[in-house]
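Participant: After the structure tokens below, expect a handful of questions from me.
The values are calculated or read from the model by the stated rules, or taken from the named source; none is laboratory data. Remember, it's a predicted structure, so these values are computed and weren't measured experimentally. Neighbour counts are summed over all protein chains in view; Cβ atoms, including those assigned to glycine, are modelled from backbone coordinates with ideal geometry. These area figures cover heavy atoms from the full protein model, side chains too; ligands, DNA and RNA do not enter into them. Shrake-Rupley method; radii C 1.70, N 1.55, O 1.52, S 1.80 Å.
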Amino acid sequence: MSARLSTTSNGYGSRKPSSTPVRVEFYINERSFKERLQLYFIKNQRSSLRIRVFNFFLMAVSCTLYCVRVILDDHRHIACHGCTPKNFSNTTENWWGLLWVNRPVWLWALQVSIAIIMLFQTVLMLYLQHKGNICQQLMSITRILEFLNTIPFIITLFWPPLRNLFIPVFLNCWLAHAILKNMLNDLNRALQKIQTAFSQQVIILCSMLLCLIFTSICGVEHLERAAPGVDGKMNFFQASYFVIVTFSTVGYGDIQVNVWPSQLFVAIMIIAALVVIPIQLEQLAFYLLERQKQGASYSKHRAASEKHVVVCATCIQADLIMDFLNEFYAHPHLQDYFVVLLSPVELDNTMRLLLQIPIWSQRVIYVQGSALRDQDLQRVRMDDAEACFILSPRNVMDRHEADQQTILRTWAVKDFSPNLPIFVQILKPENMFHVKFADHVVCEDEFKYALLANNCLTPGTSTFVTLLIHTLRGHEGSDSDSQWMRMYGRSSGNEVYHITLGDSKFFGEFENKSFIYASFHAHKKYGVALVGVKKDEEDSEIQLNPGPKHIMQASDTCYYFNITKEENSAFIFADSDPEKEREHKRKDSKSSLHNEPSSSSKIHSIIASVGTLAIEYYHHGATRQHGAPTESRSDLLSRQSQSQGSMAIELQERRANDPAREALVTGKPSTSSGRNLLIPPAGEEERVPGRRRPSILPVLEIMSSDPEDEETGITFTAEKVETEVDGDIEDIKVWDAKNESDWMKGYPPVAPYIGYTPMFSHLLANPRKLCCLELDQPCSHSNHHCARDYNWPNNSIIVAVESTAPGLYNFIVPLRAHWRPKHTLKPIVIMVEKRPDTVFLESIAAFPLVYYMIGSIESLDDLLRAGILQADTVVVVDRESSKLAEEDYMADACQVVAVQTMFKLFPSSTIITELTHPSNMRFMQFRAKDYYALKLAQKQKREKERGANLSYMFRLPFAAGNVFTASMLDTLLYQSFVKDYMIIFTRLLLGLDQAHGSGYLCEMKITTDDLWIRTYGRLYQKLCSTTFEIPVGIYRTQMQSDSKSELSVTIDDDDQSSTCLSEERAALAELVRSKMKKLGLPESDYDAEATEKRSALSYVLINPGFDTKLELDDVIFIIRPAGGPNASSPMPPRRKYSTRRPKTEGEKREEPQGSMDTRL
């Protein structure tokens, strides 16, 4: 560093600045000789470490030379150097042998050289470390030993007779022990080695034991030199044997000491061992306990050779970790991975016992530490990890504080290892934008509310999604006597898998064919449900059911439901005879030559597309003779083969004016007949005898290849459809007579939180005033006092929460999605215990038919004002304040009791409850004498003993989709490690995201008019050939009166119980009517004779088999193709479900109708 500091003088003696530069140097350290030596020998860590290593080597060499001298010693020549040895009697002690030894000249020279070096260093260190009293430093144990083993050797240089003088050089082992302790500390500082206190203590203890044994051996051997005679003396080996036997308390007695000095020395060493060793063992035990609390470090060598993942959490909860381990190790190729748990808290007793189980003890390592400390991240080898999972605690009162801790952990891991894949679990959606950089993020509230919303319209959605994101074997329930358990358990093994079409056996044959064609025939042939696809293009997204216009390419990634992935499947063909296979190939080649493009290629394509199970060709206006016998499949196939030519001519003549063909090609229903073409018209069988009824249309390979279609513009497209669907042109007056022009589709004007992606939804052009949002408080714009006063055309949905949160916004958006027809929208009533803030009210003001009221589900008056009698579904959300319960599993006590009361008061209500702990679902609709529920409890215990990931899957509330816990969504994050698309796929399925060209999940109900379809496979073909929808599951309900249901034979109450139950219902009905009378509600709205829904058995079947029989009231999960966010759906809405809301006197309103089968 330099500065311009020079000056010059003037005539008056003053000085003025000069421009001559002057160089100024600043020294950090003094440059004196002593300071430089201190810097090298003491202050500099690396140089001082080298010096200590050299000193340790000198101490080890000196002890080795002493052992060499003992081995070479001759007991018969005992005298000073150059003196004549004296002869001693064999009966008297030779005390001169303790003073003189036989030391060769070369050995003496080596020991003198080492002594000179040691003495020089000792004097130098005294000079450099001199502070205070010099006598205090000279009288230290270390200095005394150094002087004792160096100065006598220096004296022998000047007085040669002393060269044979005995010098206790073996005591240098204690100097080496002291150097080792200092060296370990310097080694950790200089080389930054992560050495725990426990490992250092082990090394120090071993060093002390070695020094104690070595000192005892050398001391006993030397003192026994004074024993009478030559035979009575010990050599070095005998001394070693004696000391080890004595210290081990064995004491054989074959060797003993003969002189009293050696006996005294042995006694002193035994006493020293009894004092020193327990002290060291106590310290070692203390460090061992601390190490068990803090956990071990993950080995660097193991990290280099083995793969591992790190799981960071605030507290290690047994349920949370076991769910992670069961799901993580459910995948075969993850069996060799190690899991490292990093947590700042100590393990509880439950987790200690779990981690001692052999299946986990070899693969799970616990490390106590913080993710915010680089040292702890280094201990878990975060740089070498395959991924890092950052989990949020389940049962916390302050969820914002938990998210803040998760955010800091995510930032710390990203800063420490920028390229490491991070999987983050967040609780509140408003905190997601802080961890947006993470590879995979799951927000609990976001998914929870979306799942509950879908569950209100499509029953069983929560069970459907939960089974999809859990890894199950598909063998659950296989040993049960109940048919529903076997079917339910078998279908639960379905998961989402992916494969490239060009590499697939399932879908490879459908290259250059439409997506709908591939989905139907893949399910028919292999039993897999093709539900989505992703193009091999930049920035391409997953599309659920992109529709028939998507042509499958070899580079497309296919997403499908199946019991196992294709790579683990075995393909066994029914025709295994080689001759038959070759004959099959010849027929296929002839058929392909026959079906080459020609003037009638369209007809050939239709005929070739007919499935083997859909065996009847479609004839417009034709029916089957009433009562005619059904043809067998072989006879019908033979007749089809003979009449193929005439069929093609007939279809070609009717092609131009066939309304069914128009519906098949364009996706728009035919309006010429005004009815469903797939259902036989009433009375037609009697009018046209001898003709067959219409059957299911075939699924085309491609959408359209006819030039006439291109000329007329009949195509299925996501462009703007000019004609609105029936659901959009219906009379809006039934919804809002004052603002019939205020309905629109668009993006919400107010975002509920930072980072929210707007969704295309049904909106009001002019958002309502905030005062109009409160349901039961009249204002200047309305005078309604309860839900019944609004006279809604559809039954409502009530959601009960403790307080409004931004995540609740995700409950409203799926219920107001743009693709839902207006006439199916149900009012939403938010029953909240604390008054919502203005920000939340402004965010929901633009949505139609959304209200809130202050109330609680524990109050009967609040439930009646909220319109529970006019509600289709009541959703009870978990309370955050319940986490304050002293007993962890009592957190659900309030919800369980309140919901049980609601079931008693309103037995026909559909109530969906969110619980904190899945084990508490057994208390939902609890009845002590429900023997079938007790049977299912035993089933759950057996499944848990077998290690099932979802042992509670056979519980009736879960199977029916009436119970949900947020912990069910944890596996979604865990599966993303293997299937990186799972989060995006689930968001599309629940309507949390809207991808261009992607479909959405909805439902259809099987009525008596649909039972002619008979099987799930025929329904699959029917939907694919008309509305281009893909069925993916069934929600089935069996009533108690059903003879197939086990409920009818397992639930039996005695007469006394039935009488008490009737009296109880009468008392409850009287209570409800009195409350209704007090509130001014008509008592006729309450149906006291309604039966409880506990007599019904509901469950979900995912991707059922092709031949599964359809039953009445089955709800089919379907994925409907989308028309795009800027276009109306080209298909009209389905028939609305029947309502339980009773009509008031004088009320005349026709329920809006829609086609259930061909219209969307």
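Participant: Inside region 317-328, can you point out the residues that are surrounded by fewer than 18 Cβ atoms within 10 Å (Cβ to Cβ) and without any contact (Cβ under 8 Å) to a residue 40 or more places away in the chain?
Facilitator: Ala318, Met322
Participant: What number of residues within region 425-442 are touching a residue at least 60 places away in the same chain (Cβ under 8 Å) and open to solvent by less than 40 Å² (accessible area, probe 1.4 Å)?
Facilitator: Within region 425-442, residues that are touching a residue at least 60 places away in the same chain (Cβ under 8 Å) and open to solvent by less than 40 Å² (accessible area, probe 1.4 Å) number 7.
Participant: Then there's this: Counting just the residues of region 296-316 that are under 15 Å from Ser199 (Cα atoms) and open to solvent by 10 Å² or more (accessible area, probe 1.4 Å), which one comes out modelled with the highest pLDDT? Give the derivation first.
Facilitator: Going through region 296-316, the residues under 15 Å from Ser199 (Cα atoms) turn out to be 296-299.
Filter again for open to solvent by 10 Å² or more (accessible area, probe 1.4 Å), leaving 296-297, 299.
Details: Ala296: 67, Ser297: 74, Ser299: 77.
Here the residue is Ser299.
Participant: Take Val380 and decide whether it is within 26 Å of Val202 (Cα to Cα), at pLDDT 85 or above and not basic (Lys, Arg).
Facilitator: Considered against the rule, which asks whether it is within 26 Å of Val202 (Cα to Cα), at pLDDT 85 or above and not basic (Lys, Arg), Val380 comes out as yes.
Participant: Further question on the same structure: Tell me, yes or no, whether region 268-286 has at least one residue that is under 30 Å from Lys565 (Cβ atoms), of a type outside the set (Ser, Thr, Tyr) and at pLDDT 85 or above.
Facilitator: The answer is no; no qualifying residue exists.
Participant: Just one of the numbered conditions (1) closer than 21 Å to Leu119 by Cβ; (2) of a type in the set (Ser, Thr, Tyr); (3) modelled with pLDDT under 85 is not true of Thr150; which one?
Facilitator: Tallying (1) closer than 21 Å to Leu119 by Cβ; (2) of a type in the set (Ser, Thr, Tyr); (3) modelled with pLDDT under 85, Thr150 fails exactly one: (3).
Participant: Against the definition (in contact with a helix residue (DSSP H, G or I) (Cβ under 8 Å, 6 or more places away or on another chain) and in a strand (DSSP E or B)), how does Tyr809 come out, yes or no?
Facilitator: No, not satisfied.
Participant: Tell me, yes or no, whether region 480-487 has at least one residue that is buried (at least 23 other Cβ atoms within 10 Å of the Cβ) and of a type outside the set (A, V, I, L, M).
Facilitator: no
Participant: Also, quick follow-up: Can you pull out the residues in region 765-799 that are aliphatic (A, V, I, L, M), under 30 Å from Lys1078 (Cα atoms) and open to solvent by 10 Å² or more (accessible area, probe 1.4 Å)? Spell out the reasoning first.
Facilitator: Start the filter on region 765-799 by keeping residues that are aliphatic (A, V, I, L, M), which leaves 765, 770, 773, 775, 787, 797-799.
The next check asks that each one be under 30 Å from Lys1078 (Cα atoms); those that pass are 770, 773, 775, 787, 797-799.
Across region 765-799, the qualifying residue is only Leu770.
Participant: Residues that are surrounded by fewer than 22 Cβ atoms within 10 Å (Cβ to Cβ) and of a type outside the set (D, E, K, R): list the helices (runs of 4 or more DSSP H) wholly contained in region 962-1028 that include at least 1 such residues.
Facilitator: 982-990
Participant: Of the residues in region 1-58, how many are surrounded by 10 or more Cβ atoms within 10 Å (Cβ to Cβ), assigned to a loop (DSSP other than H, G, I, E, B) and modelled with pLDDT of 70 or more?
Facilitator: Here the count works out to 3.
Participant: Moving to a separate point now. Just checking, does region 860-875 include any residue being over 25 Å from Ser462 (Cα atoms) and surrounded by fewer than 18 Cβ atoms within 10 Å (Cβ to Cβ)?
Facilitator: So far as region 860-875 goes, yes, one or more of its residues are over 25 Å from Ser462 (Cα atoms) and surrounded by fewer than 18 Cβ atoms within 10 Å (Cβ to Cβ).
Participant: Here are some conditions: (1) within 29 Å of Val367 (Cβ to Cβ); (2) not in a loop (DSSP other than H, G, I, E, B). Ile270 meets all but one. Which one does it not meet?
Facilitator: Failing condition for Ile270: (1).
Participant: Kindly evaluate Ile167 against the criterion of being under 25 Å from Ile71 (Cα atoms), touching a Pro at 6+ places or on another chain (Cβ under 7 Å) and modelled with pLDDT of 80 or more.
Facilitator: yes
Participant: Looking at (1) modelled with pLDDT of 50 or more; (2) surrounded by 14 or more Cβ atoms within 10 Å (Cβ to Cβ), can you tell me which one Ser1058 breaks?
Facilitator: Exception for Ser1058: condition (2).
Participant: Within region 365-398, take every residue that is of a type in the set (A, V, I, L, M, F, W, C), free of Cβ contacts under 8 Å to residues at least 60 places away in the same chain and open to solvent by less than 70 Å² (accessible area, probe 1.4 Å) and give me the one that is nearest to Pro918 (Cα to Cα).
Facilitator: So, considering only residues that are of a type in the set (A, V, I, L, M, F, W, C), free of Cβ contacts under 8 Å to residues at least 60 places away in the same chain and open to solvent by less than 70 Å² (accessible area, probe 1.4 Å), the one nearest to Pro918 (Cα to Cα) is Ala371.
Participant: Starting from region 459-478, take each residue that is within 17 Å of Ile1118 (Cβ to Cβ) and open to solvent by 10 Å² or more (accessible area, probe 1.4 Å) and list its partners that are assigned to a loop (DSSP other than H, G, I, E, B) and of a type outside the set (Ser, Thr, Tyr), counting only C-beta distances under 7 angstrom and pairs at least six apart or across chains.
Facilitator: Final answer for the pair search is Pro459/Gly961.
Participant: Next question, about the same structure. Checking Val345 against (1) touching a Cys at 6+ places or on another chain (Cβ under 8 Å); (2) open to solvent by less than 40 Å² (accessible area, probe 1.4 Å), which single condition isn't satisfied?
Facilitator: The number of the failed condition is (2).
Participant: If you don't mind, another one. Cβ-Cβ under 6 Å, sequence separation 6+ or interchain: first residue in region 189-209 and among the hydroxyl-bearing types (Ser, Thr, Tyr), partner modelled with pLDDT of 75 or more. Which pairs?
Facilitator: Listed pairs, sorted by first residue: Ser207/His177; Ser207/Leu180.
Participant: Of the conditions (1) buried (at least 19 other Cβ atoms within 10 Å of the Cβ); (2) within 20 Å of Val101 (Cα to Cα), Gln238 clears all except one; give me its number.
Facilitator: (1)
Participant: Further, regarding this structure: Filter region 333-388 down to residues that are in contact with a Leu (Cβ under 9 Å, 6 or more places away or on another chain) and among the acidic types (Asp, Glu), then give me how many there are.
Facilitator: Residues meeting the conditions: 3.
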